[in-house]
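Okay, structure first, notes after.
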Amino acid sequence: MPETAKRGEPESVPCAGTPVAVFYPDADSLRFDKPNDHERNALAICASCPLAARNACLERALTRPIADQWGVIGGTTAAQRKTLIRGRQVASLIGVAA
Ligand code: SF4
């Protein structure tokens, strides 16, 4: 992982040039019921990302659940992505689009 967060996105996205550590909180501080302060700071950066770039970023993370199982990516915390992935799995099982 490079020292700055780029995630393969264009230089114009807000995380470009931001230290990677901003998006990866200390594991000991993680809560699964709500974002912690560290995650809220990263989520605020993602909130200023253009919607198309944020959606692409999230979609890429959702298709790489092992590689992207930690940190704030695509405007979501790791716990939020796990919930989204579970929702998609259930939707797939019952035959509806998520
Ligand atoms: S959504 Fe967040 S992590 Fe993804 S490209 Fe935008 S700022 Fe970077």
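Some observations on this one:
- Springs between Cα atoms under 10 Å define the GNM used for the chain, and in it the highest mean-square fluctuation of Ala53, Ala67, Ala21 occurs at Ala67.
- Sequence-distant residues sharing a close amide H with Thr18 (under 5 Å, placed H): Ala5
- Solvent-accessible surface (1.4 Å probe) assigned to Asp28 amounts to roughly 140 Å².
- Each residue of the stretch 73-85 was assigned a 3J(HN,Hα) from its phi angle through the Karplus curve 6.51 cos²θ - 1.76 cosθ + 1.60 (θ = phi - 60°); the sequence is 9, x, x, 9, 7, 4, 5, 5, 5, 4, 5, 4, 5 Hz, with glycine and proline shown as x.
- The stretch 27-77: C-alpha gyration tensor shape, a/c 1.5 cut-off, then a/b vs b/c: oblate
- Per residue value of the accessible surface for the stretch 4-94 (all protein chains in place, 1.4 Å probe), Å²: 58 Å²
- Of the chymotrypsin sites (Phe, Trp or Tyr not before Pro) found in the stretch 18-97, the ones in coil according to DSSP and having at most 13 other Cβ atoms within 10 Å of their Cβ are Phe32.
- Tail weight of P(r) past 18 Å, computed on alpha-carbon pairs of the chain, percent: 46 percent
- Folded to 0 to 90 degrees: helix 51-62 orientation relative to the chain principal axis, Cα: 60 degrees
- With all protein chains in place and a 1.4 Å probe, the accessible surface of the stretch 4-94 carries 60 percent carbon and sulfur.
The values are calculated or read from the model by the stated rules, or taken from the named source; none is laboratory data. As the structure is a prediction and not an experimental result, all values here were calculated from the model. Methodologically, a virtual Cβ is constructed for each residue, glycine included, from the backbone with ideal geometry; neighbour enumeration extends over all protein chains shown. We work out accessible area using only protein heavy atoms, side chains counted, and drop any ligands, DNA or RNA first. Shrake-Rupley method; radii C 1.70, N 1.55, O 1.52, S 1.80 Å.
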